[in-house]
1. Taking 7 Å along the Cα-to-C-beta vector as the label spot, tell me the Thr71-Asn86 distance in nanometres, rounded to one decimal.
2. Can you tell me which of 65-75, 151-161, 81-91 comes out highest on packing, and rank the rest after it, using the mean Cβ neighbours within 10 Å?
3. Relative contact order (percent) for the range 12-95, with alpha-carbon contacts under 8 angstrom and 6 or more residues of separation?
4. Suppose R0 equals 35 Å. What FRET efficiency, 1/(1 + (r/R0)^6) with r the Cβ-Cβ distance, do Lys181 and Glu36 give to the nearest 0.05?
5. To the nearest 0.05, how large is the calculated FRET efficiency for Asp23 and Tyr173 if R₀ is 30 Å and r is the Cβ-Cβ distance?
6. What nm distance separates the two modelled labels at Trp64 and Glu49, each placed 7 Å from Cα along Cα→Cβ?
Amino acid sequence: MHQINPANNVPPEDLWDRLKQGDEQAFEQIYGLYVEDLFRFGKSFTHRETLVKDCIQDVFIDLWHYRAKLTSDVRIKFYLMRSLSNKIKRSLGQETRVRKYEFSSFFGSDTFQASIEDELISGHDADISRQKLDGAMSDLPARQKEVIYYVFYEKMSYEEVAKLMDIHIRSAYTLAWKAIKALKKKLLFVAQAILFMC
């Protein structure tokens, strides 16, 4: 995606305040700061890049249109991610009402993070581990994948995850616990199968 280079050393909070006052340059700088992160985030829901880009565009159109109504005390990235999540889910839901919204295999080539690999499958060859984790993730329910993305990729707290997903914090913990338990079980089974075949 095209990225506008933001001005150096300008606190995002200042840009947000200027945006609220109708400053177009601040709006462009906020876009430049977050568009790549939003694009990667959007691709965790679907590999359809055009849909993700369209939804990001809609997020920023709304941001500018409703700028005067924005609150001051917000985490900008958190706000934009929540807006994008809602738009993508709505778009996918409109296109496929019969089935649940699609959620792509989370750990693709550019979204895989070593932190969760180290926690879940430390000690294994990186390439083999990545392939096994891809397969294990594909079997997780969509909500569990979403929690894993927020916690391990975006480094969000469970309180933030709960707010972003509009669920109770206990539910966020439960989803993450079930996802990690399922991943560990799946990866252990695959590792044992490989050893048996050798």
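Please treat every number below as a calculation from the coordinates, not as lab data. All of these numbers come straight from a predicted model, not from anything done at the bench. Every residue, glycine as well, gets a Cβ built from its backbone with ideal geometry; the counts of neighbours run over all protein chains shown.
1. According to this spin-label approximation, the distance is 1.2 nm.
2. Details: 65-75: 10.5, 151-161: 17.2, 81-91: 19.3.
Result, highest mean Cβ count within 10 Å first: 81-91, 151-161, 65-75.
3. Across the range 12-95, relative contact order equals 38 percent.
4. Values: r = 32 Å, r/R0 = 0.92.
Taking R0 as 35 Å, the efficiency between Lys181 and Glu36 is 0.60.
5. Between Asp23 and Tyr173 the formula returns 0.15.
6. 2.3 nm
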